[in-house]
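For reference, the structure is listed below as structure tokens.
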Amino acid sequence: LQAVRGIPGVEAPATIQTRFVLNEFMQSPFEIEGMPAEAGVQQLVNIRHTTPEILKVLRMRLLAGRGIEATDGATQPFVTVVSRSFAKRWFGAESPVGKRMRRVTTAGPQPWMEIVGVVDDIVDTGVGVDNPSAFYVNYMQQNTATARPTIVVRARGSQGALAPALRRAIWSVDPKQTIDSIRSLEELLLRSAAQPRFAALVAVLFAVSALILVVSGIYAVTLYAVVRRTKEFGVRAALGASPFDLVRSAMERSMRPVAIGAIVGAIAGVPAGRGMGQALRDGLTVNDTPLLLPTVIALLAVAAVAAFVPARRALAIPP
């Protein structure tokens, strides 16, 4: 970290136990002092081994207490910082700062850690993955062989110019150290969004196909219904009906069922949209109003055109 900090343009470096890829979880069993787990039940939560500047690098908002500091060394009492979701799940409205928790490993219970702070949730396991509950421990106080660190750097300048300098800084400390990859958070974000984006694209294609089928069906049925009334229009015209009256009659009769169906569909779409909102992760809502209104207008417009065109042609036929 000292070597990386010396690179021009680097504002702050830190390490964290995550690679920011989709569905890659690092979890640990734990227990809270005074809140023992039920017999045979293993409580799991995301664990992140970090270094003190992680809050600055990832711009994690501190909600209560303090973050992990450089003075929290191996000879000092163990501390931890928990996420907002963790605090809400296990402590409710009560502040967790000052409480104690510990990890429970195969080697037995580990030393107690004092909860010194609460940070806002971050999503570091991919877009759309609803699993922000986590606790953060100082890498210099405790770590495991599987807790391989990812160096995260907040810096100015382009990634292309920074990557060679990062490699040189790491190899200046350990020439044999392998580097898995150097990626920007934006690139990792796009990669993790590839799967949900593909699913969304498939859903959009099905939705567009459904809309095309509905529009085509309404147009064809309405057109056929009006064409069948061609002789009726001729009789009405022979009895003195004006062109305006004939077109209005065709439009009213054709658009009435379409309007009723569109209204019923829009009303039924409201609870369906709420159900979709509940299926999505916390913090996202579904508001169908901006979509329902133009959809209804489009269906009515298609019905109007399908009714007007044959009615207008029928008026050109001599009664």
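Take the residues in region 26-37 that are on the phi < 0 side of the Ramachandran plot and among the small types (G, A, S), then tell me which one is surrounded by the most Cβ atoms within 10 Å (Cβ to Cβ). Filtering first and then ranking leaves S28.
In region 5-25, the qualifying residues are those that are over 27 Å from N46 (Cα atoms) and in contact (Cβ under 8 Å) with a residue 60 or more places away in the chain, and the one that is most open to solvent (accessible area, probe 1.4 Å) is P8.
The conditions of being without any contact (Cβ under 8 Å) to a residue 40 or more places away in the chain, out of contact with any Ser or Thr (no Cβ under 9 Å at 6 or more places or on another chain), on the phi > 0 side of the Ramachandran plot and open to solvent by less than 70 Å² (accessible area, probe 1.4 Å) are not met by G160.
Table: residues versus (1) under 21 Å from A307 (Cβ atoms); (2) in contact with a strand residue (DSSP E or B) (Cβ under 8 Å, 6 or more places away or on another chain); (3) not β-branched (V, I, T).
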| position | (1), (2), (3) |
| --- | --- |
| F206 | no, no, yes |
| T230 | yes, no, no |
| F233 | yes, no, yes |
| A238 | no, no, yes |
| A241 | yes, no, yes |
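Of all residues in region 221-239, those that are surrounded by 14 or more Cβ atoms within 10 Å (Cβ to Cβ) have Cβ atoms under 8 Å from Cβ atoms of residues that are of a type in the set (D, E) and not in a loop (DSSP other than H, G, I, E, B), 6 or more apart or on another chain, in R236/D245.
Kindly indicate whether T295 is at pLDDT below 85, in contact with a helix residue (DSSP H, G or I) (Cβ under 9 Å, 6 or more places away or on another chain) and surrounded by 12 or more Cβ atoms within 10 Å (Cβ to Cβ). Even if it seems obvious, please write down each step before you answer.
Numbers: at pLDDT below 85: yes; in contact with a helix residue (DSSP H, G or I) (Cβ under 9 Å, 6 or more places away or on another chain): yes; surrounded by 12 or more Cβ atoms within 10 Å (Cβ to Cβ): yes.
So T295 fits the description; yes.
Of all the criteria given as (1) modelled with pLDDT under 85; (2) open to solvent by 100 Å² or more (accessible area, probe 1.4 Å), the one not satisfied by R248 is (1).
Considering region 52-134, the qualifying strands (runs of 3 or more DSSP E), each wholly inside and each with 1 or more residues that are under 20 Å from T15 (Cβ atoms) and open to solvent by less than 50 Å² (accessible area, probe 1.4 Å), run over 79-83, 100-105, 113-119.
Filtered by the rule that a residue be within 23 Å of T50 (Cβ to Cβ), free of Cβ contacts under 8 Å to residues at least 24 places away in the same chain and either outside any helix (DSSP H, G or I) or of a type in the set (G, A, S) (or both), region 163-176 gives A163, D174.
Is it the case, given these coordinates, that R154 is in contact (Cβ under 8 Å) with a residue 40 or more places away in the chain, over 19 Å from A12 (Cα atoms) and open to solvent by 60 Å² or more (accessible area, probe 1.4 Å)? Explain how you work it out, then say what you get.
Numbers: in contact (Cβ under 8 Å) with a residue 40 or more places away in the chain: yes; over 19 Å from A12 (Cα atoms): no; open to solvent by 60 Å² or more (accessible area, probe 1.4 Å): yes.
Criteria not met by R154.
Only one of these is at pLDDT 80 or above and open to solvent by 40 Å² or more (accessible area, probe 1.4 Å): M276, M255. Name it.
Details: M276 fails: at pLDDT 80 or above.
Result: M255 is the single residue among M276, M255 that is at pLDDT 80 or above and open to solvent by 40 Å² or more (accessible area, probe 1.4 Å).
The values are calculated or read from the model by the stated rules, or taken from the named source; none is laboratory data. Model, not experiment: these values are computed from the prediction. No Cβ is skipped: glycine too gets one built from the backbone with ideal geometry, and neighbour counts run over all protein chains shown. Note: accessible area is taken over every heavy atom of the protein model, side chains too, but ligands, DNA and RNA are not part of it. Shrake-Rupley method; radii C 1.70, N 1.55, O 1.52, S 1.80 Å.
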